[in-house]
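Notes for the one structure printed next.
The values are calculated or read from the model by the stated rules, or taken from the named source; none is laboratory data. Computed from a predicted model, the values in this text were never measured in an experiment. Counting neighbours? That spans all protein chains shown, and the Cβs are built from the backbone with ideal geometry, glycine included.
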Ligand SMILES: Cc1cc2nc3c(=O)[nH]c(=O)nc-3n(C[C@H](O)[C@H](O)[C@H](O)COP(=O)(O)OP(=O)(O)OC[C@H]3O[C@@H](n4cnc5c(N)ncnc54)[C@H](O)[C@@H]3O)c2cc1C
C-alpha cells in the first residue's frame, strides 16, 4: 500500500474520454451539492491512474462532436468548452443532392480535446480550493485490481491504491463476442486556408458523394469554425483496417473539393479506428468468489458506450459520468454504485440489424449504406434521427423511424439475426 495514503472514494483507471467526463461531472455535482447546502464534510478523494495526465498536458488528441439539446443541463455543462456549435447541418447524397437539416431543439457541438481538458482542470481546481475534492494523478499504468470484503486494491507501477470503487476505462474484451462488426476509420485535419473562403454557416455532417468502399460506406465531413478554418475528415465504416495511404488520398481529394484548394496549413490532424460492433460489453466486472457484487465498473468504450451504428460515444459517456457523480457525491456505497445502460436494449438490437445489413451490402440483399442514412434524414425530422442515434427516442418515434428504413433488407437482417440468436441459444444449451 502506498505509504501515508487513505483509501480513495474512487480510483479512475484510465483518464481518456470517459475518465475525464467523470472528473468533469464530479466537479459539477459537488458544486450543485454545495449550492444546495448539502456540502460533504470531507473532500471526495479520487486517484487517477493513467500514464498521461490530460488535465495537465492538455493534448490536442481528439475533437469530439455530438448533439446537445438547447437549454439542457448537458448543454450548460459543456458550454464553456464548446468551440463551435450549429443549429443546422447538411447531408449530401451520393449523387451530390444537398439536404439542409434544421436540428430543431438540438445543436451539433464541437469540443476540442485541449479545451475540454482545460475546462475540466479549472473545475477540479475550483472544487479543490473549496475543499470538496482531492484528485491525485499517478502517471503510470495499472497492472491489476483485486477485491476483498473491505474494498478494491489497484496495483500500479508505483504501489497499490485501496478504494471503495474502481472506474475502469482501460480497453476490455466483450463478454459476448460479436456477430457483426465494422471498424470506423477516420482521418481528419484542422485546416487554415490563406484566403477566407469557407462558409462558417455550412456544416456538413455526412457527404456521401465520395468514393464508396466495396463493403460498408464512406463519407466526408466539413465543420467550419470560421471563414478560413475548418475540420475536414474522411470516415469509412469498413470490415477491415483501411490502408492509411488510401484514406489520406481520399481526404486530400475531399478537402480540395470542399475548401476549393489543396493548399492551406494543417494545424492539427487526428486519426483513429473505433469499433462498431454488436459484441456485448459488461458494465460491471465479475465479482471474485465469495462476493456478490464487484466494485469495478467499466466505462467508456470498455463499458459499451460506443454506439454500434455510428461510433459516437461522447454523450453516452457524459450521461454515464453524471449518473456516477450524483451517486458518489450523494454518498452511495462503492459496491452499490451503478452505471446506467448507455443505450436501451432495443437500440442494441436495431444496431445489430444495421451492422448486419451493412456487411451484407446491396449485392447480398442487405443495406446500401449511403442510401440508408440519406433516406432516414430525408423522411424524418433530423432531431428524431439524431436523438435515436443517441439512444434517447421513445418506442413511438422508433416505430416511425423503422417505417422509413428499406423494408426488404431490414426484414432479411431481422431473419438472419433471429437465426443467429436461435443457434447461439441452442449452442448454449448443448454446452
Ligand atoms: C481521434 C478521436 C476522435 C473521436 N471523436 C469522437 C466524436 O467526435 N464524437 C464521439 O461521440 N466520439 C468520438 N470518438 C470516440 C470516443 O468518444 C473516444 O474514443 C473516447 O475517447 C473514448 O473514451 P474512453 O475513455 O473509452 O477511451 P480513451 O479515451 O482511449 O481512454 C482510455 C484511457 O485508458 C488509459 N489506459 C489504458 N491502459 C491503461 C492501464 N493499464 N493503466 C492505466 N491507464 C490505462 C489510456 O492511457 C487512455 O487514457 C473519437 C475517438 C477518437 C480516437
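Looking at (1) farther than 23 Å from residue 204 by Cα; (2) surrounded by 19 or more Cβ atoms within 10 Å (Cβ to Cβ), find the lone condition where residue 423 falls short.
With respect to (1) farther than 23 Å from residue 204 by Cα; (2) surrounded by 19 or more Cβ atoms within 10 Å (Cβ to Cβ), residue 423 is out only on (2).
For residue 115, all conditions in the list (1) in contact with a strand residue (DSSP E or B) (Cβ under 8 Å, 6 or more places away or on another chain); (2) free of Cβ contacts under 8 Å to residues at least 24 places away in the same chain; (3) more than 18 Å from residue 221 (Cβ to Cβ) hold save one; what is the number of the exception?
Looking at each condition in turn, residue 115 falls short on (2).
Among the residues of segment 328-365, what is the count of those that are farther than 26 Å from residue 90 by Cα and in a loop (DSSP other than H, G, I, E, B)?
Residues flagged as farther than 26 Å from residue 90 by Cα and in a loop (DSSP other than H, G, I, E, B) within segment 328-365 amount to 12.
Could you pull out the residue among 223, 297 that is crowded, with 22+ Cβ neighbours inside 10 Å, touching a residue at least 60 places away in the same chain (Cβ under 8 Å) and farther than 26 Å from residue 165 by Cβ?
From the options 223, 297, the qualifying one is 223.
Only residues that are modelled with pLDDT under 95 and crowded, with 18+ Cβ neighbours inside 10 Å: list them for segment 194-212, please.
198 - this is the single residue of segment 194-212 that is modelled with pLDDT under 95 and crowded, with 18+ Cβ neighbours inside 10 Å.
Please work out if residue 308 is surrounded by fewer than 19 Cβ atoms within 10 Å (Cβ to Cβ), farther than 16 Å from residue 10 by Cβ and not assigned by TED's automatic domain parsing to the domain that holds residue 228.
Criteria not met by residue 308.
Which condition breaks for residue 160 when tested against (1) touching a strand residue (DSSP E or B) at 6+ places or on another chain (Cβ under 7 Å); (2) within 28 Å of residue 77 (Cβ to Cβ)?
With respect to (1) touching a strand residue (DSSP E or B) at 6+ places or on another chain (Cβ under 7 Å); (2) within 28 Å of residue 77 (Cβ to Cβ), residue 160 is out only on (2).
Kindly provide the set of residues from segment 327-336 that are surrounded by fewer than 21 Cβ atoms within 10 Å (Cβ to Cβ) and at pLDDT 95 or above, ordered by number.
327
Considering each of 81, 85 in turn, give the residue that is within 16 Å of the ligand (Cβ to nearest atom) and in contact with a helix residue (DSSP H, G or I) (Cβ under 6 Å, 6 or more places away or on another chain).
On inspection, the qualifying residue turns out to be 81.
Rundown of residues vs (1) within 16 Å of the ligand (Cβ to nearest atom); (2) assigned by TED's automatic domain parsing to the domain that holds residue 172; (3) at pLDDT below 95; (4) closer than 14 Å to residue 161 by Cα, yes/no style:
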{"position": "22", "(1), (2), (3), (4)": "yes, yes, no, no"}
{"position": "25", "(1), (2), (3), (4)": "yes, yes, no, no"}
{"position": "30", "(1), (2), (3), (4)": "no, yes, no, no"}
{"position": "39", "(1), (2), (3), (4)": "no, yes, yes, no"}
{"position": "42", "(1), (2), (3), (4)": "no, yes, yes, no"}
{"position": "46", "(1), (2), (3), (4)": "yes, yes, no, yes"}
{"position": "51", "(1), (2), (3), (4)": "yes, yes, no, no"}
{"position": "58", "(1), (2), (3), (4)": "yes, yes, no, no"}
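Mind checking whether some residue in segment 174-184 is free of Cβ contacts under 8 Å to residues at least 60 places away in the same chain, within 25 Å of residue 274 (Cβ to Cβ) and within 27 Å of the chain's Cα centre (by Cα)?
Checking segment 174-184: not a single residue is free of Cβ contacts under 8 Å to residues at least 60 places away in the same chain, within 25 Å of residue 274 (Cβ to Cβ) and within 27 Å of the chain's Cα centre (by Cα).
Do we find that residue 188 is in contact with a helix residue (DSSP H, G or I) (Cβ under 6 Å, 6 or more places away or on another chain) and within 16 Å of the ligand (Cβ to nearest atom) in this structure?
It is false that residue 188 is in contact with a helix residue (DSSP H, G or I) (Cβ under 6 Å, 6 or more places away or on another chain) and within 16 Å of the ligand (Cβ to nearest atom).
Find the residue count for segment 281-323, including only residues that are out of contact with any strand residue (DSSP E or B) (no Cβ under 6 Å at 6 or more places or on another chain), farther than 23 Å from residue 110 by Cα and within 13 Å of the ligand (Cβ to nearest atom).
Result for segment 281-323: 3.
Select, from 53, 95, 102, the only residue that is in contact (Cβ under 8 Å) with a residue 40 or more places away in the chain, surrounded by fewer than 19 Cβ atoms within 10 Å (Cβ to Cβ) and within 21 Å of the chain's Cα centre (by Cα).
Just a single option satisfies the conditions, and that option is 53.
So, in segment 372-381, exactly how many residues are out of contact with any strand residue (DSSP E or B) (no Cβ under 9 Å at 6 or more places or on another chain) and part of a helix (DSSP H, G or I)? Please lay out each step first, then the result.
First pass over segment 372-381, keeping only residues out of contact with any strand residue (DSSP E or B) (no Cβ under 9 Å at 6 or more places or on another chain): 375-376, 379-380.
Those still in the list that are part of a helix (DSSP H, G or I) too: 375-376, 379.
Looking only at that region, the number is 3.
Does segment 404-425 contain any residue that is under 26 Å from residue 305 (Cα atoms) and in contact with a strand residue (DSSP E or B) (Cβ under 6 Å, 6 or more places away or on another chain)?
No, segment 404-425 contains no residue that is under 26 Å from residue 305 (Cα atoms) and in contact with a strand residue (DSSP E or B) (Cβ under 6 Å, 6 or more places away or on another chain).
Name the single residue, out of those in segment 138-154 being surrounded by fewer than 18 Cβ atoms within 10 Å (Cβ to Cβ) and under 12 Å from residue 50 (Cβ atoms), that is farthest from the ligand (Cβ to nearest atom).
139
Every residue in segment 382-397 that is under 20 Å from residue 314 (Cα atoms) and assigned to a loop (DSSP other than H, G, I, E, B), please.
Scanning segment 382-397 gives 390, 391, 392, 393.
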